[in-house]
Each structure stands twice: as C-alpha cells, then as structure tokens.
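Participant: After the structure tokens below, expect a handful of questions from me.
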Amino acid sequence: MATSTNSSRHGSEAVAKMAGKSSTLIQKVGQETRFLFRQKLLLLFAVAVIVFLAPSLVLGLVDTMWPLREPTVLPVMLILAAAAVIYLVVRLIGFSTHLPDARDVALTVEAQQPELMDSLICAVELLRNTPENERTGLHQALLSDVEQQIEKTHLRPLVARATVRTRTLVVVFLAGLGLAWVLANLPIIDKASARLGDLVQGEFTGLSITPGSLEVAVGDDLVIDVEINRGPNEAQIVFEFADGPMTYDMFEKEGDRKYFELFSIDAPFTYRIVTPTLESEVFTVSTFANPAIVAAAIRVEPPAYTGLEAQEHHELKDLTVPEGATVTIEITANKPVDATLAWNEQAHAVLTAGDDGHHVAEITATASDAFAIILKDSYGHVAESERTYNLEVVEDFAPLIEPITPVDDAKFTSEEDVTFSCKVTDDYAVDEIILFYAISGRPWEHVQLYKGDPETWETIQAAVFGLSIPELDNVYEGDVISYYYEASDNAPDRNTAATEVRFIEIRPEPQEPEKAPPGEGPPPVKIDVKHLITEQKHMIRQTVGLQRLDDDVARDELLDNLGTGAQALFDATDKVLKDAKEGAGGIHLGDLENLFQDAMDSMKIARDFLQRKNPDASLQDQARALSKLISIAIMIEAAPKSSEQSEPQEGEQANVNEQNEQEERAKELDRLKEAIQKLEDLIGRQENLNAKFEIRKDKIMPSASRGFMAATEKKIRDQLDDLKGELAELPRATEATNEMSKASRAMGHWVEQIENAKDEQVTKSGEQAVNFMERSKQMLEDIRDSLDGDELEALNEELQTIRKEQQQLRRATDKLPDADKPKRMEMAGQQKQIREKFDQFMDDLSEAAKKTEAGNPEASESLSQCRNAGNAKGTSGSMKRAENGLKYGRTEKASKFQRDAEEAMREMASHMRNAMNARPGISSERLTRMLEETLKNIEKAQKAAKNDQATPQEREELLEKFSQDLDKMAQQMDDQQMSELSMQMHGWNIGASEGDKPLSGALGLLIETAQLLEAKLFANAFRKQIELARVNGREPPDEYKKRVQEYFKRLSNDAQ
C-alpha cells in the first residue's frame, strides 16, 4: 500500500515535471514564432517604403534637372504613394493567410539541427493536437527528450538564419530615412505639398494675378500684373484669341512681379499665366462699347465791357477766361448716356441732353476750378473725359497806377508850375483818372484827368495835368499840397484803385544862409524836425487809407493805432521844442516857438478827433500841423549862422551830403532785405495754413479746429500789418504796402469764411492772400535791386573820380621841377587826399560786395575781383610812395608810382564795368527823377528862348548844364539813343557858344529826351504788369500783348 502510494506520488511528480517542460518548449517556440512574425512584417514595410521612395527620388532628380509643374507633380506622387500602399496591402493580405506559427519554427530549427530531425516537429504537433490527458507515456518520453535537447539549444540564431537579419533591417530602414531626407529637400515635395494645400483650401496661391477675369471697354488698355509667390521668377502669358493662341514672355517688374500690357482691346479673349512650375486657371476678358465723347465744342463769351472777342474751341482743353465770362460746353457721345460736368470745387452740373443727341452745359466763370466730363450709359458703364481740364478765371482787379511826376516829397517854390503825370494800366480798359489834391488842410479838390470813350477803350492811359502854383489862392512858403491819383476801370461795378497820399512842399529858392556878426544871431542850437515831418506824412497817409478799408475790424484796429500815434507825435514835437529852448538857455524862441505851438495845437485837435473815431475831421488839422512843421524847417534853414557855428566849405558839404545819402540808402537797403525775409516767412506760413485747410476741408471739421486755424490766420495777418507799418516810411514801398493791404483784407475774409464754414470761399481767399504777398515781395525785390544798382553806380562814379584826379596829378607831376618845393608839398598833400579817398573806396567796395552777394551774386563776384585787383597791384602803396617821392623831390619816381596806380585802377574799372553790366535794369524811380529834371530844364530853356534876354554867359551855363545832365543820364542808362542825344547836345553847345545855332535847338533835344524817358517808363510799367500777372504763371492774354505791341509801334512812329 505504501509502495503503491509512493509510486503514484512519483508518477505525479514526473507528469508535473513533463508538463513544466512542455510549457517551457511552448514558450520558447512561441517567442521564436513572434520573432519570425516581426521580422517578416518589418521586411514587408521596408519593401513598401522602398517601392515609394525609389521612384519618387528618381522623379525628384528629374524635376531638379527638368522642372515639372505642380499639377503634374502631385498626381505622380499620389500614384507612387498609392502603388506603395497597394503593394503593402496585397503583401499584408498574403502574409495574413500564412502567418508564422510553431510548426514553421520547428521546421526552421530542424533544418538547422539534424539531431532534432522529425522529433521537434512531432513534439510540437503533439503539444498542439493531443490533449494532455490523452498523452501516453511514449508521448511524455518524446516530449521529455525534445525538451532536454531544446534546453541545450539557443533557438534565436537558428530562426534568424532563416529570415532577414535585424541588422539588415536597420540598414534598410536607415537607407529609407536617408532617401526620405533627400526627397524632402527636393523641390518636388514643396510642389506637391503646395498643390495639395491649394486643393484643400480651394484657392490657387502660387500666383497672384490681377485683374483676373473682367469686362473692359473696347479701345481700353489693360495691364495684367502677376506676383510669383513660389517657384522660378519666370512667367509667360498664353492668350486664346479668336484667330488662335499666342504666347508671350512677361516683362520684369520690381521684386518677383511681372506684367504684360495690351493696347486698344477690340475683342474678347482668354488668358492664363504659366511658369516653369505653375499654371493659373483660365481667365476671361469680355468687351463692351464704352461711353465716349466723339465731338466737343467750347464757346467762351467774355463780358461785353472787356472788349474781348468770343473764343471758339472744337475740343475739350484747358481754358483761361476773364471773370464773369459765359462758358458753353457742348459734347456728342457715341451712344445714349447721362452726362455730368464734374468740378473739383463746385457742385456737379448735369449737361442737358438735346434732341439731336448733344449735351450742353452753360456756366458763368466766377472762380478758377478744374472739370471733367463723366458719361454713364444704361448698363451702368461709366467713362470720364481723357483728363481733368483747368478753367483759370482771370480776376479783374483794379487798375495799376504808376505816378511819374512829381516825385514824392517834391519841393517847389510858390512861383513854379507843377506837372502831375501818371500812367494807368488795366487788363481791359481805363475808364477814368482823377487827381485829388488839397492845400494845407483845405477841402479836397479833384480834377478829372481822363475819361474813357467806349468806342476807343485803352488798356494803358497816360494822364498829365499842369498846376500853376502862382495862380492858386493863398499859397505861401511852408504850405504843403497833398495829392493822390484815383483810377477806375470799365467793369460794371467799376474796380477802383488809388495811390497813397503824396506831398509837395512849398519852399523858397535855396539860398546861402546869412552869417550873423560875431556875438550876434541865435545861439548854436541844433533843431531837426525832419523826423516829425516824416511821421506826420505817414499819419496822413494812414488816415486817408483808413477811409478805403472795408474791413470794420481792421479799420478799428488801425484807428486805435492812429490815436496812439498822434499822441506820440505830439510828445515828440514837444520834446524837440523843450530841447531847443533848453539849448538856448530857456529863452523864448520867438516866431519859431510860435510855429511849434501852432503845430502842436493842430496835433492835439487831430488826436482828439482820432480818439473820438472821426478820422475825416482829423485830416484838416493833420495837414495844418504838417504845414507848420515845414515852416519850422524853412525857418531853421534860413536862420543866420553865428560865428560859433562853423560853415562847411562847398566841397566838404557835397561830400557830407553824398555820405549822408549813401548812409540813408544803405539803411533803406537793409530794411528792405529784412522786410523781404519776413514776407517770405509769412508767405510760407500762409501756404502751410492753406495746405492744412485743404487736407481737412473734406472732412467734418470741429469748431475747435476752425477756431484754432482762424486764430493762426489772425496772427499772420497781424504780423503782415506790422510789416506794412514798418515799410510805411519808405516812399518807394508804397505799391508794395498796397499789395500787403490787399493780402490783409483777403486774410480777414479767410477768417470770417472759415468761422462760418464757407469752405469753398476759404480756398479762394487763401490763394489771393498768397498771390498778393508774392506780388508785394516782387515789388520789394525790384526796389532792392534798384538800390543795389544805385550803389554800384555811386561806386563806379567814385572810382572814375579818383582815376581822373590821379591822372591830372600825374600830368602835373611830369611838368613839376624838383626845385619847386612849395608846389611839391602841395601836390604831396593832394596825393594823400587821393590815397585816402581810394582807401575809403576799397572799404566801400568790400561792403558792397557783401551786400549784393545774396541778390546779385554775379555783381558781387565782379566787385570782389575789382577789390582784389586793387590789392594785388598795391595801389594804395603806390600812391603812398608817390606821395613820399613828391615830398623828397623824387618827381620821376613819384610819376612812375602814379602811373602804376593809374594802371591798377584801369584794371579795376574793367571789373567795375562787369559789375555794372550785371546790375538790374534802371528803375522807374530813377527814370522819374531824370524825367522831372529834364522837365525843369525844358522850362528853363523855354523861358530863356522866349524872353531872348539871357546873356551869352547865362546861355553858355545853361547849355553846359544840359550837356552835363544828358552825359550823366547816358552813363547811368547805358542806352544808345540817350548817348546819341548827349552827343547832339554837345554839338549844340559848341555851335551855340560860337553863335551859330539858337537855343531853341537845345530845347528840341530836351523834348526828345523827355519823350525817350517817358517811353522807358512805359516799358517798365509793362514789364511790371507782366511780371506781376494777375494770376501767377499766366502770360497776358493775346489781345493784351497785341495792344502792347501796337502802343510801342505808335510811340516809335511818333518819335520819327
């Protein structure tokens, strides 16, 4: 029993042991089965990858050498990918039908291990097919034997030999990764992915094409623009026209852009863009007949008063028309349309359609603008005229008055006659010229100098009026005649202009002041009232100008300033009187003091009227005060000089006067340059303000912005008025200040209009303000150039005088014996004076070169060369050595050095002539002074010829003066005709001195001289009118030019 139990226990242990061994066999075979499955599966995937990568790589290399288009690349790549997937799927299906199992492992092992031949496969089959409870002892013995052999055998190497090695798979996969990396860096992948992205997003991103498909008008041009977003920067455009396809290379543009332009399209077509890698969709361009203007006509009918003929134009064009002209625009379109006249500034106007298909619009030209014609057909197609056309409206301003004689602040005696003359120029016709004058505060009188005839309208009219002072009632020395010219044109509302008030002082003939005996006469008190006279005249001008202002605000401001100025003038006059009395020891100054008191009484009355806002009433007392001040000046000049008061010699006095004139001219020139600079700044600020307004005017502008811009304009206007006040004391600048007044009024309108949101009018007022300031600046620059010319002329005369004196002294030196010491010392003193004059001239030359550098660089360069020539030759040193030679009896050496100085000054004169040639033309002011002097000479010649009582000496002196005056004019004008008159006058002078020719011959030459000067003044007036054209950049109308030419032709015929 015990034995049986033990035997059973040992059997169980054996069975358990066999079961454990069988389990180990199954595990090991199972592991190798899975290994075999994994290896075969990896091999399958590796082959599928190679199937895709290899042809893809080949395709990529082909694309690198011969680029393929994206539409081609993507399908090929998809086909290759599909082939790899299909291959993988088919192999997987085949693989799944015979998956590796234990039997495969057993066969593989038996093939590698002959000792296991058939036993391992039997054991595997036994384990797979025979349940454990059915196995016999023989089965267990077989399993045990196989298990023992398996435990001694390493199966993995045996199984691995029958399949792909792991390292081989690693190499294959690494090679696949390498191929994939190479392929990923080839353009073909970018092409495929971009194309795929476009297909997914539903849009084409490779090319940006404008305009794409569209409809264009027949005859229009079309620009097709392409931006290449990827791929080579090359593109072609392929057209499909009715007569077949056409391919063209597109043109280069900036960046990666291309373009192609088609002209005058006349039929529909399609097009597409192709590049080496891209191809766009097909775009369609269809055509339609665009509305178009097939005929056009414009008729301009100027206002009747202009006398201008109507203009006919048979095309649309830029127009320049007079203000108020009627402009009729007529067009014919190629089809039924609605036509609109589109303005830049004004509201659009509809052209009225006529029965015959014409469209007509009639407008009245009131402001410059630009227009275009817009056509719209029934299909909504819109077309515009070829361009925008400018309509320039020439505003009809008041006439331009050019006073000729007398000059402002002229001085006449009570026995002389005054010739008033002026030139008036208007765009169309001068209707009336009136001279207003008043004597020392008496009521204004007026004389009509000219009244136009509608049958013979003239654009330029000269007016002359002779006033005999002796025939006037109660006119005495010290009186002053205030006068101004007023002119109107023939416009329906009569544009009227007036000059500033000008003055004539009635003074006695200039006489040498008497000298009081020693100890007698007034004490040596210096009294100067010139500045008081100037200020009083300025106040009278402003008071009269106040009456012409139509801006109430500006008028009140000026009136307040006048009241303050009147008080200041009274205080200044009182101070002069007190200083004079203090200088005289406090005694009563007699009649002189009485005149001062009378002047101040009138000033007080005028001041009170001004402060009570009654400027008209103040004028009478202002004029009386001015008359008293002039009487004071006359009394001071005529007062006997005491012995304590040294009287300068005649030559010294002339030098002093010349020096004073030069100083005054230099001061005036500096003030003008400063004023021009200020005016340029104001013009720039006004243009900047205009530009800011233009930017904002089309938007909703808050009231705060309008207020700020209005305040800015007021500041500009205030500074312009201040500048005008600074220039008021310069008589030459009267016309320029008139233009400033116009600009100031335009600025006032600007402020009012912007505050009331009248934006279209603001633009016009702003442009007018700039134009008026530009005109004023041009006038100031003309005056500046004139003063520069005066200075050059004075320098030239100074050099010629020094040359002449040096030449005369050198000739005297050549004849001088060395033994004549007194004479030598006298001549040495003369040489010293010449040297000092030359040194002063060199200083003046340097200063003049600096002053003219900005305005006239060519003249400045010549002046610098003139000074360098004087320095290089050591001219002053030569004069000094000549002086020493005369002192020490070395006349030969003195003469040599004098000749050296002459030679140097001859070279300097050459450079000075260059400077003179570079100066501006002779100014109207200088021509006026010449004409006034010539008229006085004519009067003297007439009296001498009429009475025939002049002594031969008086006749000779008269003729000598006439000759000298004409010589000076010829030199200053550098005019051939004037030079011929001067030579003829010399002939009359010689003949008359010999008794061969009467004085009336010289009178005829003087009359010809006056006519020539008058013609020059006319020419200057025309030049100024053209330079200061009413609209900047506009030439005078053809009719205006024609009248100018006719006038000068008539003037030339009269002269002959």
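Participant: Whether any residue in the stretch 982-995 is more than 30 Å from Arg913 (Cα to Cα), modelled with pLDDT of 75 or more and either part of a helix (DSSP H, G or I) or under 46 Å from the mean Cα position of the chain (by Cα) (or both) is what I want to check.
Facilitator: Looking through the stretch 982-995, none of the residues is more than 30 Å from Arg913 (Cα to Cα), modelled with pLDDT of 75 or more and either part of a helix (DSSP H, G or I) or under 46 Å from the mean Cα position of the chain (by Cα) (or both).
Participant: Now for a separate question. Any residue at all in the stretch 795-811 that is under 27 Å from the mean Cα position of the chain (by Cα) and of a type outside the set (Phe, Trp, Tyr)?
Facilitator: no
Participant: Output the number of residues of the stretch 344-402 satisfying the condition of being hydroxyl-bearing (Ser, Thr, Tyr) and either in a strand (DSSP E or B) or buried (at least 17 other Cβ atoms within 10 Å of the Cβ) (or both).
Facilitator: 5
Participant: Does the stretch 616-634 contain any residue that is among the hydroxyl-bearing types (Ser, Thr, Tyr), closer than 23 Å to Lys530 by Cβ, in contact with a strand residue (DSSP E or B) (Cβ under 9 Å, 6 or more places away or on another chain) and at pLDDT 80 or above?
Facilitator: The answer is yes; a qualifying residue exists.
Participant: Of everything in the stretch 264-284 that's at pLDDT 85 or above and hydrophobic (A, V, I, L, M, F, W, C), which residue is surrounded by the most Cβ atoms within 10 Å (Cβ to Cβ)?
Facilitator: Filtering first and then ranking leaves Ile273.
Participant: Looking at Pro403, Pro399 in this structure, which one is touching a Cys at 6+ places or on another chain (Cβ under 9 Å) and not polar (S, T, N, Q)? Spell out the reasoning first.
Facilitator: Details: Pro399 fails: touching a Cys at 6+ places or on another chain (Cβ under 9 Å).
Checking each option against the conditions leaves just Pro403.
Participant: A follow-up question, please. Note down all Cβ pairs under 9 Å where the first residue falls in the stretch 83-101 and is not assigned by TED's automatic domain parsing to the domain that holds Gln39, the second is modelled with pLDDT of 75 or more and in a helix (DSSP H, G or I), and they're at least six residues apart or on different chains.
Facilitator: Every condition considered, no pair remains.
Participant: Additional query: Just the residues that are modelled with pLDDT under 85 and assigned to a strand (DSSP E or B), please, taken from the stretch 405-424.
Facilitator: Listed by number, the list holds a single entry, Thr405.
Participant: Please go through the stretch 252-267 and pick out each residue that is within 27 Å of Phe288 (Cα to Cα) and free of Cβ contacts under 8 Å to residues at least 24 places away in the same chain.
Facilitator: None - no residue of the stretch 252-267 is within 27 Å of Phe288 (Cα to Cα) and free of Cβ contacts under 8 Å to residues at least 24 places away in the same chain, so the list stays empty.
Participant: Assess whether Lys537 counts as being of a type outside the set (Ser, Thr, Tyr), touching a strand residue (DSSP E or B) at 6+ places or on another chain (Cβ under 7 Å) and within 24 Å of Ser482 (Cβ to Cβ).
Facilitator: For Lys537, the condition - of a type outside the set (Ser, Thr, Tyr), touching a strand residue (DSSP E or B) at 6+ places or on another chain (Cβ under 7 Å) and within 24 Å of Ser482 (Cβ to Cβ) - is met.
Participant: Moving to a separate point now. Run Leu592 past the list (1) in contact (Cβ under 8 Å) with a residue 12 or more places away in the chain; (2) in contact with a Leu (Cβ under 7 Å, 6 or more places away or on another chain); (3) not acidic (Asp, Glu) and report the number of the one that doesn't hold.
Facilitator: Only one criterion is unmet by Leu592, namely (2).
Participant: Determine which single condition Asp220 fails, assuming it passes every other condition in (1) over 55 Å from the mean Cα position of the chain (by Cα); (2) modelled with pLDDT of 75 or more.
Facilitator: So the condition that Asp220 fails would be (1).
Participant: I've got another one for you. Determine whether Ile527 is crowded, with 20+ Cβ neighbours inside 10 Å and either at pLDDT 75 or above or assigned to a helix (DSSP H, G or I) (or both).
Facilitator: Judged against the criteria, Ile527 is not a match.
Participant: When residues of the stretch 852-905 are filtered for being in a helix (DSSP H, G or I) and either of a type outside the set (A, V, I, L, M) or not assigned by TED's automatic domain parsing to the domain that holds Leu799 (or both), how many remain?
Facilitator: Of the residues in that region, 34 qualify.
Participant: Looking at the stretch 665-716, which of its residues are of a type in the set (Asp, Glu) and more than 18 Å from Asp782 (Cα to Cα)?
Facilitator: If the condition is that a residue be of a type in the set (Asp, Glu) and more than 18 Å from Asp782 (Cα to Cα), then Asp681, Glu687, Glu694, Asp698, Glu713 are the ones that fit.
Participant: Given the conditions (1) modelled with pLDDT under 85; (2) buried (at least 19 other Cβ atoms within 10 Å of the Cβ), report the number of the one that Glu797 does not fulfil.
Facilitator: All conditions are met except number (2).
Participant: Something else about it: Restricting to the stretch 299-321, count the residues that are buried (at least 16 other Cβ atoms within 10 Å of the Cβ), in contact with a Lys or Arg (Cβ under 7 Å, 6 or more places away or on another chain) and either aliphatic (A, V, I, L, M) or over 23 Å from Ser385 (Cα atoms) (or both).
Facilitator: 0
Participant: Can I ask one more? Please tell me if Asp426 is crowded, with 20+ Cβ neighbours inside 10 Å and either in contact with a Gly (Cβ under 9 Å, 6 or more places away or on another chain) or over 16 Å from Ile504 (Cα atoms) (or both). Please lay out each step first, then the result.
Facilitator: Numbers: crowded, with 20+ Cβ neighbours inside 10 Å: yes; either in contact with a Gly (Cβ under 9 Å, 6 or more places away or on another chain) or over 16 Å from Ile504 (Cα atoms) (or both): yes.
Considered against the rule, which asks whether it is crowded, with 20+ Cβ neighbours inside 10 Å and either in contact with a Gly (Cβ under 9 Å, 6 or more places away or on another chain) or over 16 Å from Ile504 (Cα atoms) (or both), Asp426 comes out as yes.
Residues are listed down the side, and each one gets a yes or a no for (1) closer than 30 Å to Thr205 by Cα; (2) buried (at least 19 other Cβ atoms within 10 Å of the Cβ); (3) at pLDDT 65 or above:
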{"residue": "Ala2", "(1), (2), (3)": "no, no, no"}
{"residue": "His10", "(1), (2), (3)": "no, no, no"}
{"residue": "Lys28", "(1), (2), (3)": "no, yes, yes"}
{"residue": "Gln31", "(1), (2), (3)": "no, no, yes"}
{"residue": "Phe45", "(1), (2), (3)": "no, no, yes"}
{"residue": "Pro75", "(1), (2), (3)": "yes, no, yes"}
{"residue": "Ile79", "(1), (2), (3)": "yes, no, yes"}
{"residue": "Ala84", "(1), (2), (3)": "yes, yes, yes"}
{"residue": "Arg91", "(1), (2), (3)": "no, no, yes"}
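Participant: Something else about it: Could you list, ordered by first residue, the pairs with Cβ atoms under 6 Å in which the first is in the stretch 872-883 and farther than 12 Å from Gln806 by Cβ and the second is of a type in the set (Gly, Ala, Ser), at least 6 apart or interchain?
Facilitator: Lys873/Ala904
Participant: Those residues that are at pLDDT 85 or above and among the aromatic types (Phe, Trp, Tyr), I need them from the stretch 878-921; list them, please.
Facilitator: Passing the criteria: only Phe897.
Participant: Among the residues of the stretch 540-559, how many are of a type in the set (Val, Ile, Thr) and either part of a loop (DSSP other than H, G, I, E, B) or under 33 Å from the mean Cα position of the chain (by Cα) (or both)?
Facilitator: So the answer is 1.
The values are calculated or read from the model by the stated rules, or taken from the named source; none is laboratory data. Predicted model, so just to flag it, every value in this text is computed and none were measured. No Cβ is skipped: glycine too gets one built from the backbone with ideal geometry, and neighbour counts run over all protein chains shown.
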